[in-house]
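Values in this text are rule-based calculations from the coordinates and carry no lab data. Fair warning: this is a prediction, and the values are worked out from it, not measured in the lab. Note that each Cβ is placed from the backbone with ideal geometry, even for glycine, and that neighbours are counted across all protein chains shown.
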Amino acid sequence: MKRTDKFIEIESLLENLMKSHRDGSLLRMKILFFSSIYENLSVSMIIDKLGIKKTNFALMTAGLEKEGCIIIKQSNMDKRCRVIELTEKGHQELDEYMKEFEKSLGPTSPEVDYAVDVLCKYLNRIV
């Protein structure tokens, strides 16, 4: 199997696994997750990280903002940029999902944890 075949298979399996543990949208969780780990990243950079269309992002963030999970505000560093801040409700929803997902993965070996870490670092370098 070629490397590209493996990446497509991994992406598909991960997406299916992540979708199966939450009734809500996977995109919703991804937005909450990236907003929490990249607190000062601009909205456009988060869109790039997610690899989605601006319209899909705008629709999802509008809903999240209306529900009180996020606040979209002007960046303190660059007034031209907008950033997303998670509210307490947003943090709670993300934490719940992450705990549920971690629990479903079950125990792993140090080798698996290392492989996941290496793959994540590799993908972050090339994306």
Inset, instruction - Calculate for the chain the 222 nm mean residue ellipticity that helices alone would give, adding -39,500 (n - 2.57) per DSSP H run of length 4 or more and normalising by residue count, nearest 500 deg cm²/dmol. - result: -21500 deg cm²/dmol
Inset, instruction - With 23 Å as the limit, write out which pairs from K30/K73; K6/K53; K53/K73; K49/K103; K30/K99; K49/K73 have Cα-Cα distances beyond it, or answer none. - result: K6/K53; K49/K103
Inset, instruction - Determine, for T87, T108, T61, T55, the number of other Cβ atoms within 10 Å of each Cβ, and report the residues in order from fewest to most. - result: T55, T108, T87, T61
Inset, instruction - Return the single residue from S25, S36, S109 with maximal mean-square fluctuation; model: Gaussian network over the chain, springs between Cα atoms under 10 Å. - result: S109
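For every other residue with a beta carbon closer than 14 angstrom to the beta carbon of L86, add +1 if it is Lys or Arg and -1 if Asp or Glu, then tell me the sum. Write out the running numbers ahead of the final one.
Details: positive: R28, K30, K73, K89; negative: E39, E65, E67, E85, E88, E93, D95, E96.
With Lys, Arg at +1 and Asp, Glu at -1, the neighbours total -4.
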Legend entry - Summed residue charge, Cβ within 13 Å of I47's Cβ, Lys/Arg positive, Asp/Glu negative: +4
Legend entry - Sites matching trypsin sites (Lys or Arg not before Pro) across the range 1-94 that sit in DSSP coil, with at most 15 neighbouring C-beta atoms within 10 Å: K2, R22, K53, K79, R80
Inset, instruction - Hey, could you grab the Kirkwood Rh for the chain? Inverse mean 1/r over distinct alpha carbon pairs, Å, one decimal. - result: 16.1
Legend entry - Theoretical gain in end-to-end length, C81 to Y114 [0.36 nm per residue, Cα-Cα removed]: 8.3 nm
